[in-house]
Structure formats: structure tokens, C-alpha cells
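**Q** Structure in C-alpha cells, see below.
The values are calculated or read from the model by the stated rules, or taken from the named source; none is laboratory data. All values reported here derive from a predicted model rather than from experimental measurement. Positions of Cβ are backbone-derived with ideal geometry, glycine not excepted, and every protein chain shown enters the neighbour counts. Calculation scope for accessible area: heavy atoms of the full protein, side chains included, ligands and nucleic acids excluded. Shrake-Rupley method; radii C 1.70, N 1.55, O 1.52, S 1.80 Å.
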Amino acid sequence: METILSINQLSKRYGRIQAVNKLSLEVVKGQVFGILGPNGSGKSTTLGMILDLIRPDSGSFTWFGEHPSKESRKRIGAVIETPNFFPYLSARKNLEIVAKVKDYDNSDIERVLRTTGLYDRKNDKFKTYSFGMKQRLAVASALLNNPDILILDEPTNGLDPQGIAHIRELILQVASEGITIILASHLLDEVQKICNYVAVLNKGNILFSGEVHDVLAISDCIELASADNAALKAAIEAHPAFHSIIESDGILLVVFSEDVRPGAISEYLHQKNISLSHLTERKRTLEQHFLELLKDNES
Amino acid sequence: MKLLSIELKKILPYKTFWIIIGLYFLFLALGIIMAEYIVNAMVDDVNKRLPIPLPHAVLFYFPDIWQNLTFFASIRFVLIFPAIIVIILITNEFTNKTVRQNIVNGMSRSEFIYSKLQVVFMLALIITVILMLVMLTLGLIHSDSQSLSLMLNGFSFVIGFFIQMLTYLCFAFFVAFMLRNTGLAIALFTLYTIIIEPVIYFLLRAPFIWENTVYTYLPVNSVIRIVEYPSIPALKKLMNFQLQDQVTLLACAVPMIYAAVMIGIVYLTFNKRDL
């Protein structure tokens, strides 16, 4: 697999706050990589550093296997925090400047304006746009001439529900075309809906990273009940992968430290001569994971 | 040329740019129209006390027109307008955060600085060329055949004026990059040019410094002193010392060194800074 971005031990400190702490990660071609973390966790600082806006204190990174340069940045489409354009220029004129900086001609401008639904307003000045339209123009400029990778920093922040839906739809569409994406967000469901890989960031550290699908499956909890809950509890606690148990209303909520399927549990208990009256797998959402991860990190 | 064409895309549709450029040429034209009137009012005033009256000054003939008009075009209150344009064009990039977008899209930081220096250079060049054409036209209208033969004698003042524009706009470039805030940069730059530096001069002169040296080496004054006096024969006669009759290399060197140091500081700090 082709490595698009490789970050090695990147650090940045602002006064007493360690914004990013020896962060390392790798993004490979085709990934939709989510960087998930609460506000102030170092997402924007990290993206700022890999886009040459912020000077790292230490550490390094490579783009497309090469030392980062202005040429590598021309292959990147990025939407950073707020949409930054000249207020007195039209959408089209603003995109012409972007194209010129990236050494492209103007032939792709109409397409990205259509894709983002701004074509009818292309000759209107940027300052007359609603926030949602400004954000879409930022996406349009990032999509110009099909970049090798799309970087989106909180792309739906401050948008109304309709705007959020529109932007997400756009991202999914781009992802389906096979363009690699890095999405920074503090919204779990956004990462869950869009990304296939996630790194959870807090206080500048990566707490966890892996495939979104794995994160969901790791420690789901299983609901169990039987005629003799005391015996059931004893048997479960003896299971090699047992992690914790909560009893409520005659139902045992069991969490295992590794992936244990309900079928295997049923078989295990059957061997111990316990017959179940209730067995349900309860999927925990990434959100619960996320909150737990943050809580673990704080304590 | 790529960087300049990007800058033109940013500047040409910008209304504020045209308004300030318009104001600049309006003030310049007013200055030129008023210059002769003001000088002759002074001559009239002096004549009241003189037994033999001085003749009225005529400013617009060759070769003196070069020195006279470049002098009036480089007084503080006029010079400040193009500097404000430079400040606005640069600080706009910071307030609109388009500088971030430029870097992200694949402009290097040095290219960004270089593109703004190109704007400074072009602005200085265009203003000089326009002023030169005005002087040429006025000179041809007012000159007789005798002064026409001396036409190119004072041409060093045109080059001097270009150096004045270029270096003064470099100072504005420096202040804009350092402060990044449009209002603050304009206010401080104007204040420094019009009030702070003259006050420093006043404080440094008598009784500490009797000669003119320190005044000349303050940054804005070093720019203004390139074209130090207008060329008025009556004035020359009146004052008992030699007035400048050409632009000297030394006078140009001082502000150019200032400008070079400022550009150097911008390069060093901007390349290290977080945007």
C-alpha cells in the first residue's frame, strides 16, 4: 500500500501547553482517516504543521514518501478551520487564484462549482455568501483538479443541519472516488459515518487508533440472564476473557476484554450446565468508547 | 511573472486600492497646482522687506521641473498614500487569512514575501513613470528652446524619486508584515512618519546636535532628504548656501540600507513564524 502521509514524533508546545506530543501516524492511499478529539486536543495544530502553517518544535513528516515541499502541497486539497477567501472577489475569481497558485489552468473550476452547488452564484462576491456557501467554496477549492489527498478540518462546524448533510454527502462522494481523506472532527458520529480508520486524540497524544470497524467490535457488552444468576455470575467471572460485570433488574451486563461472540458464550455456559433465558449482544457505540477513552486518560 | 499575475488578480478588482490611488493622484495634482502659488506667496512676503524685489518663481520649466515636482511629490503627507496601499494589501492577507490559504495551496513562504516585494516594486515604478510623464508634459508646455537643451540635466531627480518611493514602500511592507493588523499598522506608520520622527529630530537637534546629520539618518527623513529642496533660483539667491542640484548616491544609500535590513528581518521572521 502506498503511504501518502507519514508523521514521525511530531511535537508542538505553546507556552505551558503541550499541544501535540510526539505524535506519529501513517495514512495510506485510499484511507478515509478520521482524527477524532475534543476541542483543544491538537487536531488543528497537527494539520497546521503538516501543511506548513505551523512550525513543529521537533519531529518530522513526509508527504508521498518525500520531504515536504510546496510541490507536495500542490497535490493536497485542504479545508482549514475557516473558509479563507478575498471578500471582494467572486467565487470564480477566488478559485482562479487557487488554480494559479497550484499551477493549474481554469478548466476544472466549473466542475467543482457544480459539484458543490455554487455554480449559479459563481459570479457573486464571496462576502455575500452564507456561511454554508463559504464552507462549500472551501471544499470546492480543495477539490480543484482532483487532489491526491483531501484534508478537512472540522468541515461541518457551524453549519445548519442541511449544510452538514450537504458537506457529508460531498465527502462520501469524494471518498467513493477513491481519493484519500483526512478528516479532523470532534463529532463522533461524523467520524463513524464517514471514516474507515480513526485515531483518537486527546491533549496532543494519540489514545487509540485503528479501523473504525474494529473499534466498534472490541468490547461490546453482552446481556445475560438465567434461572440461577448467582451460578451464572460465578461461571462468567471464571471466563478467561472476563473484564467486568454489572447486574441490573435480573440481567447481567458483561464486558469482555477481547472479542467474544455470543455463540461462544452460549457454548461455554452450556458446558458448565447453565442454560440461559436471555442472551443479547449490545453494540456499544464509538461514542461510549470515546468518552471512556477520554475518562481513562484523565484518571 | 506567475507571482505578479496572482497579485494582479487580487489587486485590480479591489475598490479600496483604486480609491486610495485616486486620492494620491488628487493630492499630488493639488500639490503641483498649489506649489507655484505657495512659493510665490512666500516670495511676495519676503519682497516686502527687500529693497530690490525678487522675481516670481516659475517651477515648471526644464531642467528645474524635475527637482521641483519630485520635491513636492515626496513630502510626507503625499508619500503616505501609496504606503497605506501597500500596508492594506499586505495586512489584508493576514486579516482574511488568505496567506494561510496561499501557503496551503502550494506557495512557499519566500514566494509569498517575494510576491509582495514585486507589488512594492511595480507600484513605485508605475507612480514614478506617471509622475515622469506629467513632468515631461508640463515641462514641454512651459519651456523655451534654451531650457529644452538642458532638459535632461536634472533627470537624476526622477531616479531619486523612484528610490524614495521604493524604499518608503519597503518600510510600509516591513510594518505590515510585523504588525499584520491593518488599522494598527496604518495608524502607527502614519503617526511615525508625520509626528514621531519630526519630534525625535526636534529633541535630538539643539542643543545636542548642531549639524544636520542625525536628522538625515532617521529612516523616513533619509528617504525625504533624497530630494531635499525644490530648485528655485530666487531662493538660492536669498539663502546663502549651496542648494542641492542633483541626487547623490550617498543620499540614496542610507534609505536603501534601511530597506534591505527590513526585508531581511521580514524574511527571517516570516519563515519561522506560525501562521
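**Q** Run through every distinct alpha carbon pair of segment A:220-283 and return the Kirkwood hydrodynamic radius in angstroms, one decimal place. Before the final figure, lay out each step's value.
**A** Values: mean 1/r = 0.0877 Å⁻¹.
Mean inverse Cα-Cα distance, inverted, gives 11.4 Å.
**Q** Another question, then. Could you please state, rounded to a whole Å, how far the C-alpha centre of segment A:224-242 is from the C-alpha centre of segment A:15-44?
**A** Spelled out, the Cα-based centre of one part sits 41 Å from the other.
**Q** Next question. Across peptide A:75-88, how many C-beta atoms of other chains are within 10 Å of each residue C-beta, on average? Mind showing how you got there, number by number?
**A** On the way: counts 1, 3, 2, 4, 2, 4, 2, 3, 2, 9, 4, 9, 4, 8.
Per-residue shielding by partner chains comes out at 4.
**Q** Hey, another quick one. Could you calculate the contour length gain from A:SER244 to A:SER6, that is, 0.36 nm times the residue separation minus the distance between their Cα atoms, to one decimal place in nm? Let's see the in-between values first.
**A** On the way: separation 238, 0.36 × 238 = 85.68 nm, distance 3.72 nm.
Fully extending the segment from A:SER244 to A:SER6 adds 82.0 nm.
**Q** Build a GNM of chain A with springs between Cα atoms under 10 Å: which of A:LEU269, A:LEU188, A:LEU159 gets the top mean-square fluctuation?
**A** Answer for the Gaussian network model of chain A: A:LEU269.
**Q** To the nearest Å, what is the center-to-center distance of segment B:1-72 and segment A:148-216, using C-alpha atoms only?
**A** After rounding, the separation between the Cα centres reads 60 Å.
**Q** Averaged over A:89-97, how many beta carbons belonging to a partner chain fall within 10 Å of each residue's beta carbon?
**A** 3
**Q** Let me ask another. When N is the residue count of segment A:17-116, what does its C-alpha Rg come to as a fraction of 2.2 N^0.38 Å? The partial results should precede the final answer.
**A** Details: Rg = 15.9 Å, N = 100, 2.2 N^0.38 = 12.7 Å.
Taking N as the residue count of segment A:17-116, the ratio is 1.26.
**Q** Something else about it: Sort the following peptides by mean Cβ neighbour count (other Cβ atoms within 10 Å, averaged over residues), highest first: A:121-133, A:36-48, B:159-171.
**A** Descending packing order for the listed peptides: B:159-171, A:36-48, A:121-133.
**Q** Once every Cα of segment A:113-152 carries one equal point scatterer and solvent is ignored, give the base-10 log of I(q)/I(0) from the Debye formula at q = 0.16 Å⁻¹, two decimals.
**A** Summing over Cα pairs of segment A:113-152 leads to -0.39.
**Q** Carbon and sulfur atoms: what percent of the 1.4 Å accessible area of the protein assembly as shown do they account for?
**A** 61 percent
**Q** Right, here's the next one. Where in segment B:80-105 does accessible area fall by at least 30 Å² between the isolated chain and the complete protein assembly, at a 1.4 Å probe radius?
**A** The answer is B:ASN96, B:LYS97, B:THR98, B:ARG100, B:GLN101, B:ILE103, B:VAL104, B:ASN105.
**Q** FRET efficiency for B:VAL261 and A:LYS29, Cβ-Cβ distance as r, R0 = 60 Å, nearest 0.05?
**A** Details: r = 47 Å, r/R0 = 0.79.
Once rounded, the FRET efficiency stands at 0.80.
**Q** Could you rank the peptides B:76-83, B:13-20 by their average count of other C-beta atoms within 10 Å per residue, with the highest value first?
**A** Averaged packing, sorted descending, gives the order B:76-83, B:13-20.
**Q** Right, something else. Once the other residues with Cβ under 15 Å from the Cβ of B:LEU28 are scored (Lys, Arg +1; Asp, Glu -1), what is the net sum?
**A** Net local charge, B:LEU28 excluded: 0.
**Q** Using a basic spin-label model with each label point 7 Å from the Cα along Cα→Cβ, how many nm lie between B:ILE195 and A:THR280?
**A** Using points 7 Å along Cα→Cβ, the separation is 7.5 nm.
**Q** Going by average Cβ density within 10 Å per residue, which order do the peptides A:82-88, B:103-109 take, highest to lowest?
**A** Ranking the peptides A:82-88, B:103-109 by packing returns B:103-109, A:82-88.
**Q** Taking the Cα atoms of segment A:152-197, report the difference between the largest and smallest coordinate on each principal axis, in whole Å and largest first.
**A** Its Cα atoms span 28, 18, 15 Å along the three principal axes.
**Q** Whole angstrom only: what separates the Cα centroid of segment A:65-117 from the Cα centroid of segment B:162-187?
**A** Centre-to-centre (Cα) distance: 29 Å.
**Q** Let me ask another. What size of dipole, in debye to the nearest 20, comes out for the protein assembly as shown about its Cα centre when the only charges are +1 on Lys and Arg C-beta atoms and -1 on Asp and Glu C-beta atoms? Before the final figure, lay out each step's value.
**A** Values: 51 positive and 51 negative charges, 381 e Å.
So the magnitude is around 1840 debye.
**Q** Right, another one. From the convex hull of the Cα coordinates of chain A, what is the mean projected area in square nanometres?
**A** Spelled out: convex hull of the Cα atoms, projected over all directions, averaged, 19.0 nm².
**Q** Let me ask something else. Can you tell me the alpha carbon radius of gyration of segment B:112-180 divided by the globular rule-of-thumb value 2.2 N^0.38 Å?
**A** Working: Rg = 16.1 Å, N = 69, 2.2 N^0.38 = 11.0 Å.
Scaled against compact globular proteins, the figure is 1.46.
**Q** Expressed as a rounded percentage, what relative contact order does chain A have, with Cα pairs under 8 Å and six or more residues apart?
**A** 20 percent
**Q** Among the helices of chain B (complete DSSP H runs), which have Cα atoms covering no less than 30 Å along the helix axis and a Kyte-Doolittle mean of at least 0.0?
**A** Counting only whole DSSP H runs, the qualifying helices are B:15-47, B:109-142, B:156-179, B:249-272.
**Q** Build a GNM of chain B with springs between Cα atoms under 10 Å: which of B:SER222, B:SER147, B:SER231 gets the top mean-square fluctuation?
**A** B:SER147
**Q** Students often get this wrong, so check it: of A:LYS12/A:LYS43; B:LYS9/B:LYS116; A:LYS43/B:LYS97; A:LYS122/B:LYS116, which have C-alpha atoms separated by over 21 Å?
**A** A:LYS122/B:LYS116
**Q** Right, another one. At 7 Å along the Cα-to-beta-carbon direction for both B:LEU150 and A:ASN106, put a label point, then send me their distance in nm to one decimal.
**A** 5.3 nm
**Q** How large is log10 of I(q)/I(0) for chain B at q = 0.12, 0.15 Å⁻¹ when the intensity is taken from the Debye formula with one equal scatterer per alpha-carbon?
**A** Per q value, in the given order, log10 I(q)/I(0) is -0.81, -1.16.
**Q** What FRET efficiency comes out for the pair B:LEU133/A:ASN157, r = Cβ-Cβ distance, R0 = 56 Å, nearest 0.05? Intermediate values should be presented prior to the final figure.
**A** Values: r = 53 Å, r/R0 = 0.94.
Rounded to the nearest 0.05, the efficiency is 0.60.
**Q** Sticking with this one: 222 nm [θ] for the protein assembly as shown, helices only, -39500 (n - 2.57) per DSSP H run of 4+, per residue, to 500?
**A** Value at 222 nm, helices only: -16500 deg cm²/dmol.
**Q** Something else: Write down the radius of gyration of segment A:26-81 and its Dmax, each obtained from C-alpha positions, in Å.
**A** In order Rg, Dmax, the Cα atoms of segment A:26-81 give 11.8, 32 Å.
**Q** Write down the Kirkwood hydrodynamic radius of the protein assembly as shown, to one decimal in angstroms, obtained as one divided by the mean of 1/r over all alpha carbon pairs.
**A** Result for the protein assembly as shown stands at 28.9 Å.
**Q** Can you list residues from other chains, or at least 5 along the same chain, whose modelled amide H is less than 5 Å from the amide H of A:ILE182?
**A** A:PHE33, A:LEU150, A:ILE151, A:LEU152
**Q** Per residue, how large is the accessible surface of chain A? Use a 1.4 angstrom probe and give square angstrom.
**A** 46 Å²
**Q** Between B:ARG273 and A:LYS272, how high is the FRET efficiency from 1/(1 + (r/R0)^6) when r is the Cβ-Cβ distance and R₀ = 45 Å? Nearest 0.05.
**A** 0.10
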